[in-house]
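The values are calculated or read from the model by the stated rules, or taken from the named source; none is laboratory data. Bear in mind that the values here come from a model prediction, so they are computed numbers and not experimental data. Quick reminder, even Gly has a Cβ in these numbers, built from the backbone with ideal geometry, and neighbours come from all protein chains shown.
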Amino acid sequence: MKKRFYRDLSYNNLSGSLPKISARTFKVIGNPLICGPKTGNNCSAVFPEPLLLPPDGPKAQSDSGSKGHLVAVAFGASFGALFFIVLFIGFLVWWRYRHNQQIFFDVHEQYDPEVCLGHLKSYTFKELRVATDHFNSKNVLGRGGFGIVYKGCLNDGTVVAVKRLKDYNIAGGEIQFQTKVETISLAVHRNLLRLSGFCTTENERLLVYPYMPNGSVMSRLKDHIHGRPALDWARRKRIALGTARGLVYLHEQCDPKIIHRDVKAANILLDEDFEAVVGDFGLAKLLDHQDSHVTTTVRGTVGHIAPEYLSTGQSSEKTDVFGFGILLLELITGKKALDFGRELNEKHVMLDWVKKLHHEGKLSLLVDKDLKGNFDRIELEETIQIALLCTQFNPLHRPRMSEVLRMLEGDRLVDKWEASQTIETPRSRSCDNPPLQRYSDFLDESSFVVEAMELSGPR
C-alpha cells in the first residue's frame, strides 16, 4: 500500500488498532471494531475525508497566503496612488478653471456689499459684460477722456449705456470711485443724465446710465427728418434752456457743487422728446464750497476750454459758463467748435470767427444754413449776445449760470450787454487801436496737456 494516494477500507469488518497506511487519504467507514489507543467508548467514529493532509500542505498554504497578502498590498497601493492622481488632476482642472475664469472676466464675480448706495443698482461685471456682448466695438457709443461708453441690453430687456472707466485706480482708487458715485447719485434733475447703477471690482469701475435714443446734440445737428432739420430753431432754443437749467442745478443746488468742465454739444444728450440731458457731469471735478482746483492736466475739448483753465489749470463754475457760451454758438452755427478751423483750412477757432463777424455786423453769416432762414432774428441776436457774455476772457466778467438762464428767458439781457460793452479788454495792447483779443492766443500760450473728450451717437 505504499505510494498510494487514496485507500478505501470501508465496511471490511476490520478490528484492532488503526494501521499506519502510507496513503494521503483513506476511508474506514463501516469498521466499528477499529479502536485506536486514544479512542473513546465508541469506535464507530467516522474519520473526515480527507483524514490526512498532504505532506507539503502547510508549506503550500503559507506560500499561498504570502502571495495573497502581496497581491492585496499591491492592489491597495495601486488603488491609493490612482485615487491621489485623480484627486490631483481634479484639483488642477478646478484651479485652471477658476484661474481662466478670473482672466476671462478679469474680475471676481463678487462685489463689496458695502458699496450698495441707496436706490442705485449694483451690477456684477459678468452682467454688464454679457449686456454689451463682451464690450463689442460694434456697441461703442462714444469715447472720452474717462473711458468708453457702450450700448447694452440687460437680462430684463432694458437698454442701457455702460461707461467703462479706463483710469479706475486714479486718485484714491475704489474709495474715490465710491465718493464720486455717491455724489453723482445725489444729482437728480430733469435735465441731468441720471445714474442708474454701477459696478466696482478689484480691476474694473463701470457706470450704468439710461440709454438716450436720440443721441447727442452734435450728432443730430446735421440730421434731417422728412427733408427738414431734426433740430429746428425752436428745438435748439429749448435745448439751450434745458442745458442751462441742468448746469444751474449742478452749480447752485448740489452740495458739493459739481463742475462739468466739458460742456459742449457732443455731451448734451437728447431723450425721446428731444429734451436736453446734460451727460458726463459725474466724472468731472467735484468742488466743495469756495474751493478751486489746480491741475497739470486739462480735461476738456479744444475750442470749449476756458482761457483761465488753459493758462493756469484752475477751473470754477465760470469754466462751465464759458463752455455753455461755445455750446450756444454750436447751436447757432451748426458747426463743431473743434472742427471749425479744419473746415476753413485756417488756424482759427469758432469764437474768434464769431466775434469778428459780430463786430462787422454780419450776423446772417453765422446761422446754420440748414435752417434756411427759419429762425427769429431778434432771438438770434439775443442768443449771440448771451454767448459772447458767457465767453468773456476774464472769468469775473462772465455771468453766473442762474443769470444766463434768466437772460435766455428774456430777463435783464439788455442791462448785462450794455454793461459788458464798458468793460476794458483784460489784456490791453500797446497800440492806440489794439486788435481784438483772440482765443487762439491762449491756445498757443498754454503749456498744459489737453485731454480731449469726444462722445457721440445715441447714448
Within the range 221-239, restricting attention to residues that are crowded, with 18+ Cβ neighbours inside 10 Å and not in a helix (DSSP H, G or I), which residue is modelled with the highest pLDDT?
231
Say whether the condition of being at pLDDT below 90, of a type outside the set (S, T, N, Q) and not in a helix (DSSP H, G or I) is met by at least one residue in the range 240-255.
yes
Tell me, please, whether a residue that is of a type in the set (S, T, N, Q), at pLDDT 85 or above, in the same structural domain as residue 162 (by TED's automatic domain parsing) and more than 28 Å from residue 267 (Cβ to Cβ) can be found in the range 113-122.
no
So for the range 316-334 (the condition being modelled with pLDDT of 80 or more, outside any helix (DSSP H, G or I) and within 25 Å of residue 438 (Cβ to Cβ)), does at least one residue qualify?
yes
